[in-house]
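The values are calculated or read from the model by the stated rules, or taken from the named source; none is laboratory data. Predicted model only: the values in this text are computed from it and were never measured. Using ideal geometry, Cβ is built from the backbone for each residue, glycine included, and neighbour counts are taken over all protein chains shown. Just the protein is used for accessible areas: all its heavy atoms, side chains included, with ligands, DNA and RNA removed. Shrake-Rupley method; radii C 1.70, N 1.55, O 1.52, S 1.80 Å.
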Amino acid sequence: MIRLKRFATRAGVALATALVASTAGAADTIKVGIIAEMTGAFADFGQQMTTGAKAYMKANGDTVAGKKIELIIKDVGGPSPDVSKRLAQELVVKDNVDFIAGFGLTPNAMAVAPISTEAKKPTIIMNAATSVITTRSPYMTRVSMTLPQVTAPLGEWAAKNGIKKVYTAVSDYGPGTDAEAAFKKSFTAAGGQIVGDVRMPLTNPDYGPFVQRIKDSKPDAAFVFVPAGQSAVGFMKAYSERGLAAAGIKLIATGDMTDDGVIDALGNEAIGVITTHHYSAAHDSPENKAFLAAYASIDTTHRPNFMAVGGYDAMAMIYSLVKQLNGNIDPDKAMALIKGMKIASPRGPVEIEADTRDVTQNVYVREVKRVDGKLYNVEFFTTPAVKDPGKEAAK
Ligand code: PHB
C-alpha cells in the first residue's frame, strides 16, 4: 500500500506495475535455499543431501499447488559457521527464499539459528545431529536423527549381548560428545563398564594413536562415533592396521561408521561390525524401493545413505507444507503444520514431535554382511518410535 502511494505519479504507476509484476512472477516459485558441504573433506555430505532432494523432486514433479519448486544450493565448504551464517543471510535477503535447508555438520546448522529466528524462515535440518540444535530456534526442525537417539539403543544391546567392558572414542564436537554421553548412560544402566574414553579431532585426524590406546586397554569392544564418509574410512583403516579385530576387540558404532555411501570402501574388515542407526539401504519396504529407484534415476555411481534420505524427506516435508498452505508460505502456519507431521520415509515411519520439532523414528540394530557381493548394513532388531533422549536429559 505504502509503496503504491509513493509511486502515484504517471511514471510511478508504470514502475509500481513493474514491481508488482516481478513480485507476482517470483511468487509463482517456492524457493528452497540449501546450505551444504559441497567441496572439501565433507563433500559427500552435500552430494548425498542434494541428490536426495533432487530425487524427491524427480519422482514427484517440480510443481506443487501451482508453484514451481526451486532449489538454490550454496556450498559452505567444511565446518565453517561464519560462512554458513553469511550464506543464510544471502538466501534470506538476496534470494528471498521460503525455506532454508541442508546442513551436514552441526556447527554449520548452529550458526544459522539466529537468522532463522530473526527472519522467521522455516529451517529444515537434513543431517546435523547434535541434540541441542533444534532448541536454538523456534523455526528449526529436523528430519534426520540425533546422536543420543541412535546411540542409546546400542548401549543396551551391547550390555545384553555379552559385551562387558567398552572403551569409547568419539570425534571431539557436538555429535561426538552427545554420542559418548548417551552410550555411557545406556550401557552402564544395563550393567556394562566403561574402561576408558577418548575424544579425537574432527578435521585431519590421525586415528592410529587413538586406536592404539584402545588396543592397549584390552576392552571387549570399542564404541565409536566419527562423522560418516572419509572419517569413517580413516578410522576403519587404523582399526584394521593396528590389529584390533585380531586382538578380539569388537567394533560397535553408530551407523555413521558404516554408512552406505562408503561401506564398500571399508572392505572385509567391516564384516560383523554392529551399528545402530535410522536408515540402511537394505531396509525392506516399498518406500525404500521407491527412494532407491528415484536416487538411481539421477545418480548411478553412488549408493544413497542416510543423508540422502534426509534430503529426500526434507523435500517431502516441504511439498506437504506447500500443498497444505496452497502455495502461500506463512512461516508461523508452516511451523504449526510441521509439529506432529508424519512422513512415510524410506527408513520407516517418522513423526516430528510437536514440543521439540525433532524427529521420532525407529532405530535399528544392524550387522555388516556381504549381500550379493556387496557390503550392507543388515537390520536385525528394531526399537520402535525412539524420541531424542537428549531433550529429556536437558529438561
Ligand atoms: C554432525 O556434524 O552433526 C554430523 C556429521 C556427520 C554425521 C553425523 C553427524 O555422520
Quick one: length gained pulling Ala65 to Lys323 fully straight, 0.36 nm per residue minus the C-alpha distance?
92.3 nm
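Stokes-Einstein at 20 °C, 1.002 mPa s, Kirkwood radius from Cα pairs: D for the range 27-109 in µm² s⁻¹?
164 µm²/s
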Given 5 Å bins starting at zero, what is the percent of C-alpha pairs of the range 302-358 in each, up to the one with the largest pair distance?
4, 18, 26, 24, 16, 8, 3, 1
Which one, Gly348, Gly104, Gly61, has the greatest fluctuation when you compute a Gaussian network model over the chain with C-alpha springs under 10 angstrom?
Gly61
What span do the alpha-carbon atoms of the range 237-323 cover on each of the three principal axes, reported in whole Å from largest to smallest?
56, 24, 21
With springs connecting C-alpha atoms under 10 Å apart, model the chain as a Gaussian network and identify which of Asn377, Asn108, Asn328 has the largest mean-square fluctuation.
Asn328
Under 12 Å from the Cβ of Ala158, count the other residues' Cβ atoms, weight Lys and Arg +1, Asp and Glu -1, and hand me the total.
+3
Distances longer than 14 Å among the Cα atoms of the range 30-73: what percent of all pairs is that?
51 percent
Mean ellipticity per residue at 222 nm, deg cm²/dmol - from DSSP H runs of n ≥ 4 across the chain, formula -39500 (n - 2.57):
-12500 deg cm²/dmol
Let me test this: with uniform point scatterers at the alpha carbons of the chain, what is the Debye-based log₁₀ I(q)/I(0) at q = 0.08, 0.10, 0.12 1/Å?
-0.42, -0.63, -0.88
Over its alpha-carbon atoms, the range 157-231 yields an Rg and a Dmax in Å of 12.2, 35
Computed from the beta carbon distance with a Förster radius of 56 Å, FRET efficiency for Ala27 and Gln193 to the nearest 0.05 stands at 0.40
Please report, to two decimal places, log10 I(q)/I(0) for the range 119-201 at q = 0.22 Å⁻¹ as given by the Debye formula with identical point scatterers on the Cα atoms and no solvent.
-0.96
Compute the Rg/Rh shape ratio of the range 95-239: radius of gyration over Kirkwood radius, all on alpha-carbon atoms.
1.05
Links exceeding 31 Å between C-alpha atoms in this model, out of Lys215/Lys374; Lys185/Lys237; Lys58/Lys85; Lys74/Lys215; Lys185/Lys250, come to Lys74/Lys215
For the range 137-180, count the residues as N, evaluate 2.2 N^0.38 Å, and divide the Cα radius of gyration by that value, please.
1.45
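What does the accessible area per residue of the chain come to in Å², with a 1.4 Å probe and no ligands, DNA or RNA counted? Write down the numbers at each step before the final one.
Values: 16090 Å² over 395 residues.
Per residue, the chain has an accessible area of 41 Å².
Carbon and sulfur: what percent of the range 319-395's accessible surface (1.4 Å probe)?
Values: 1960 of 3760 Å².
About 52 percent, which is the carbon plus sulfur part of the accessible surface.
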Answer in debye to the nearest 20: the dipole magnitude of the chain about its Cα centre, from +1 Lys/Arg and -1 Asp/Glu charges placed on Cβ, is 780 debye
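Roughly how many percent of the accessible protein surface of the range 109-232 is carbon and sulfur, given a 1.4 Å probe and a whole-percent answer?
Values: 2000 of 4180 Å².
With neighbouring chains kept in place, the figure for the range 109-232 is 48 percent.
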Could you work out how far helix 174-189 tilts from the main Cα principal axis of the chain, as a 0 to 90 degree angle to the nearest 10?
50 degrees
